[in-house]
Every structure is written in structure tokens, then in C-alpha cells.
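Here the structure is laid out as C-alpha cells; the discussion comes afterwards.
The numbers here are math on the coordinates, done by the rules we state, and not lab data. Only a predicted model underlies this, so the values are computations on that prediction, with no experimental measurement involved. All Cβ positions, even for glycine, are placed from backbone atoms using ideal geometry, and neighbour counts span all protein chains on display.
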Amino acid sequence: MADYKTSTVYQIYPKSFCDSNGDGLGDLRGVIQKLDYIRELGVDYIWLTPFFVSPQNDNGYDVADYRAVDPRYGTMTDVENLIVEAEKRGIGLMFDMVFNHTSTEHEWFQRALRGESKYQDYYIFKEGKPDMPPTNWVSKFGGNAWEYVPHLKKWYLHLFDKTQADLNWENPQVREEMKDIIRFWKQKGVKGFRFDVVNLISKPAVWEDDLDGDGRKFYTDGPHIHEYLKELTADTGIAELITVGEMSSTSLENCIRYSNPAEKELSMTFSFHHLKVDYKNGEKWELQNADFLKLKEILSRWQLEMQAAGGWNAVFWCNHDQPRVVSRFGDDEKYWKQSAKMLATSIHLLRGTPYIYQGEELGMTNAPYTDISQYRDVESLNYYAIMQENGKSASEAMNILHERSRDNSRTPMQWSAAPNAGFSEHTPWIEIPANSSYINVETERREEDSILNYYQKLIALRKQERIISEGSISFSHLDHPDVFAYQRTLDRQSLLVFNNWSANTIVLDPLPSDREKILGNYPDDRQTDGKLTLRPYESIVYRVSAMN
Ligand code: TEU
């Protein structure tokens, strides 16, 4: 498989990708049916979100059997066929390992409930009184992070939903179980692993209240996290594969350690600080306009410090938890096409491995839902109630959901203008936006200037230009209110990347005379008297002899 520095990863949320058996749910055979489309994109890996046996309280991030395929998605034979068929097309599969917690329907947790102490020690159970949780920590899905089990007279920890019980990684038997799960899928030909909230697995030795927060300071990038990752990687041989850790509320210092090859932990990390610049006071459920200067500060700092220290970023805007980037940071109406392409250019030429979330390459938008009954996500439904308990009106809560809900990225993939966007012959499990009439694969394949065709050019460019995967990076115009600009340099050449994040027309400094335009999201290159003019949401990439 391709080296992760020249690769692009395509994320598939199977429940919303393609329904092959007409039940309204996407499935693994649907993914197999679309492999030629994915190959046409030019990507190297598919990150498949969990399809393992699960009660689906968190759409599969509540795993009840790590080695078995949930019948909703298909069979083990389907998985094996998917791995083989993808490999035939030069595509490796990256599976999603949810190792911070299991579903409370997992056999281990059920045996713990039956009083088996071995399995109680697989989780974080604490004796206590029914009205006194061990700490005041708050679940990331709202409410208490502890659930009381009356017949055991114990609490168990769940950083997410109460049906997602946190595993006790301090227990060597738990670590061995996790390694065996990795070995099981590795020997089936899986070529990569994404580790879900993996920086939360190491819990503190002392359990105490958080007097000024929700408890995350005690378990985020916890005391033994680097030891556990080194052990997991060394004992399973996954250093030869592509691995990425989802790092919730992490630090740059830790991400350097997680991703520097000398540390033998992971290939790269997902961090989310750049995706909180529209969170008011850092709160997801409080809206504010995106702070563009802060976004550039975060992106440039992480790029420069990871470069200096030998770390490696996953670079991305979208995933199954985030709103659609063209609605969030672009303009999904007047400048829909230009801004979607500009956002892609902004991220794909950075130093790191780009991730594309299904439908992002089409410019799919947020869901235009108007009623709470249209939402499905456990986090969204919980916070719809919590926001109103905290004084927001129902319409204010709906407005916030429209901007923040994870369902924005979980509407079905838009394949065509046909009913149900070609996703299914049956009513889909979640509603499809009406704009699937023009935002879809079939339509965009036919359009020379489509967002889809632009993504293909970007993906191909990473393979053609070593300067993108190996070059150094530096930034300019960091204090400009509308422009995100950076330079990539290798040997005697530089790429100059300019992105106008606004509807304003911008005029910048004179350009080197030896410039060669290699990419842009407008059809022509209208430059006058040596200055650089950027039209609304315009991106331009020039090759020049190395800037000093
Ligand atoms: O996400 C963890 C995570 O950081 C997000 O869920 C975030 O906390 C949430 O959206 C609030 O902003 C991973 C998975 O990507 C997510 O789908 C799961 O729900 C979660 O872990 C629990 O497994």
C-alpha cells in the first residue's frame, strides 16, 4: 500500500453510504458496489467506521462484539470480499477500533453485571451510594459520566453514553484482549487502524471531582497513554500499517509524541482545535461566527511545530461527527462551488495526510431539518433537551442543531438525482436534503468544473508533486482578515498556495515573474500588473523557483 505521506484517505460511514438490500440502511455490499467510484477518486485507503455487532445507540461506536459483523451491515464474507476487492483496486482498508469503551451489551460487561469479578475489572466500577457518584464528571453526551448498578451497589464510568462503558486499560488482560482484536483483523488483510478517542483510555490513579470543568483534565492524554500505545503497536506489528489516533481535547506536545516515528506509537493524529473556532467560549452548543484569524493561528502553529518536531498531522475538515464544511466555513448558496473547492485547496496542500469524508468531494451541505423528529443522533437528541433545560427555546435549540448536529454529516451519500438520491430503494433511515437534485455523483461526473472533478485533481496532485508530501511549509499573510496563504518548498522549487476565504475581491503583493499556475478554482487566470487578485473564494496555486 501507498506510503501514508503520499496517501489520501476516504472515510465511509457505511450506514449512510449505499444500501444494497433495500432496507434503508447502508451496508458493506453497498460499499463493494461503489469501489470503482472510490478508485476513480484516486484515494489510497478507505477508513470504514464501525460495522461490528452493536445495538446502534451510537451508530456502532458502542461495540458488542469486535470480531463479528452486525447483520444490519452484512456478513463476515462481505467484509472479506470488501478487503479483497479493494486491494484489487489498490485501496487498503482502515478499520475503526473503539477501544476506550464497549457497549454494555458486550459479553464482558454482561458477565460483569452477573458479578464475575474478572470482568468487573475489565471496566471502571466503583463502590458507592446511589446518590453519590465517585466524581462529578460530565459525559460528553451530557449528564452524569457515572451510572449506578443497584444490584452491585456500584457505579461504572461512561465518558460517552451510559450504554458505552469505559474499559480499564490498567488491566493487562484488557490490553491483551485489544491486541488480539487487532491481530484478528490484521491477519484478514486490514491495512490500517483508526483508534477512537484513544487518548482517553488512560484514567487517573486518584478519582477526584473537577472543581472547574467536566473532568476531562483528569483523563485526557492520561498518565500511561504513551506506554499503552507503544505496547499496542509493538505487540501487534501495526507500525508497518497506517494508524491514526482520534485525540479528543489533546495537546500539540502530546500529538508530537503520538506521531513522531521515533516514538513508535502511531502514524498520525486527528486533533480538533481548528474545528472549535466557531464554538462560543469553547462550548459546542453555543454559536459564534468562525474566528478566521484564530483558525489560521491554530493551523499554522500545528503545521510548523509538528514539522519542527517530526510529528505528522491528519489534515481534514469533515468526518461523521462534524457539520459539512461548505455550510460551516464556506458559502453553500451563492459561492457553493468556489468555496467548496477553496476549502479543499486550503487543507489538501498542507503537510500531512488528507482525509475526505464521504460526500465532501461533492460539496454536500448540512441537513435543512426543521423538526426534532428528523434528527437521529444520540448526542443531538440529548442536547436538544439539555439546551432547553438550560433556558434555550425549542427554536433556538433547533437553530443550534442545524449548525452543530452530527447528523449534518450522516445524511445519505448523494449518488444521483433519482429518488432517495440513488442511496436506497427504501425510505432511508435519515432524510436526504432536496439539493441531491444537483449535488450528486452522476451530475458532477458530467460537469468539467464540478467539485468532484476538482477533488480528483487535488488527490492526483499529491501523488504527482513530491513537494506536497515531502516539502517544508511556511506561512504568510497570517494577519490578513480574508486570506489563508502558505508555501511548500523542496529542493529548488516552491508552491505558493493562496486561498480567499471571503466574498471580497482581494489584491495582494506582486507575484514572482517566473510563476506557473498549477491549480485554481476559477476557469481563467486574471492577473494584472504583477499583483495577485483573488476573486470571491478564489484559490490559486503557483509553482515558482524556491523562495528564499
Ligand atoms: O468521537 C469522540 C468525540 O470527540 C466526538 O464524539 C465529540 O466528543 C462529540 O462529537 C462532541 O463534539 C468518537 C467518534 O468519532 C464518535 O462518533 C463517537 O460518538 C465517540 O467517539 C464515542 O465513541
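Dipole size of the stretch 180-261 about its Cα centre, with +1 on Lys/Arg Cβ and -1 on Asp/Glu Cβ: approximately 580 debye, rounded to the nearest 20. Diagonalising the gyration tensor over the Cα atoms of the stretch 286-432 and scaling each eigenvalue by 5 before taking the square root yields semi-axes of 29, 21, 14 Å, largest first. For the chain, the Kirkwood estimate of hydrodynamic radius, built from reciprocal distances between every pair of different alpha carbons, is 24.3 Å. Potential lengthening of the chain between Lys264 and His426 amounts to 53.7 nm, from the contour at 0.36 nm per residue minus the alpha-carbon distance.
Note on the stretch 170-236: Rg/Rh from C-alpha atoms, Kirkwood Rh, equals 1.06. Remark on the stretch 317-402: hydrodynamic radius 14.4 angstrom, per the Kirkwood mean of 1/r across alpha carbon pairs.
Only helices enter this figure: runs of n ≥ 4 DSSP H residues, each worth -39500 (n - 2.57), summed and divided by the residues of the chain, yield -8500 deg cm²/dmol at 222 nm to the nearest 500. Here is the P(r) of the stretch 6-70: all C-alpha pair distances, binned every 10 Å from 0, give 21, 48, 27, 4 in whole percents. A Förster distance of 30 Å, applied to the separation of the beta-carbon atoms of Glu176 and Phe272, puts the FRET efficiency at 0.50. The Kirkwood radius of the stretch 114-167, taken over pairs of alpha-carbon atoms, gives through the Stokes-Einstein law at 10 °C and 1.306 mPa s a diffusion coefficient of 142 µm² s⁻¹. In this simple spin-label approximation, Asp131 and Thr370 carry label points 7 Å from Cα along the Cα→Cβ vector, and these lie 4.7 nm apart.
Label sites at Ala418 and Asp525, each approximated as a point 7 angstrom past Cα along Cα to Cβ, lie 4.1 nm apart. Evaluate Rg over Rh across the stretch 66-111, taking Cα atoms for both radii and Kirkwood's formula for Rh. Rg/Rh: 1.08. If you model the stretch 1-126 as an ellipsoid using its alpha carbon gyration tensor, with each semi-axis the square root of five times an eigenvalue, the axes come out at 31, 17, 11 Å, biggest first. Both radii come from the Cα set of the stretch 453-548: Rg as radius of gyration, Rh as Kirkwood radius; their ratio Rg/Rh reads 0.94. Sorting the segments 201-207, 27-33 by their mean number of nearby beta carbons within 10 angstrom, highest to lowest, gives 27-33, 201-207. If you take every residue apart from Ile540 with its C-beta less than 13 Å away from the C-beta of Ile540, what net charge results, scoring Lys and Arg +1 and Asp and Glu -1? Around Ile540, the charge tally is +3.
Distance from the alpha carbon centroid of the stretch 146-160 to that of the stretch 1-54 works out to 36 angstrom.
As a ratio to 2.2 N^0.38 Å, the alpha-carbon radius of gyration computed for the stretch 275-356 takes the value 1.14.
Take the Cα pairs of the stretch 489-545, get the Kirkwood Rh, then feed it into Stokes-Einstein at 25 °C and 0.890 mPa s and tell me D in µm²/s. Translational diffusion coefficient: 209 µm²/s. Modelled this way, with points 7 Å down the Cα-to-C-beta line, the labels at Ala290 and Asn390 are 2.3 nm from one another. Between the listed residues Ile46, Gln464, Gly391, the Cα displaced farthest toward the positive end of the dipole of the chain, a dipole computed from Cβ unit charges relative to the Cα centre, is found at Gln464. Applying 1/(1 + (r/R0)^6) with R0 = 51 Å to the Cβ-Cβ distance of Gln33 and Gln110 gives a FRET efficiency near 0.90. Taken over the stretch 379-467, the convex hull of the Cα atoms encloses 157 Å³ per residue. How about Lys531: which aspartates and glutamates have a C-alpha closer than 12 Å to its C-alpha, ignoring those fewer than 8 places off in the same chain? Here the aspartates and glutamates satisfying the reach criterion relative to Lys531 are Asp509.
Scalar couplings 3J(HN,Hα) for the stretch 91-100, obtained by applying the Karplus form with A = 6.51, B = -1.76, C = 1.60 to θ = phi - 60°, are 10, x, 8, 10, 8, 9, 9, 9, 9, 6 Hz; x denotes Gly and Pro. Other residues whose C-beta falls under 9 angstrom from the C-beta of Leu490 contribute a net charge of 0, scoring Lys and Arg +1 and Asp and Glu -1. Relative to the Cα centre, the charge distribution of the chain, modelled as +1 at Lys and Arg Cβ and -1 at Asp and Glu Cβ, gives a dipole magnitude of about 880 debye. A compact globular protein would have a Cα radius of gyration near 2.2 N^0.38 Å; the ratio found for the stretch 122-230 is 1.16.
Considering lysine pairs in the stretch 1-140 that are 8 or more places apart or on different chains, how many have Cα atoms under 22 Å apart? For the stretch 1-140, qualifying lysine pairs total 5.
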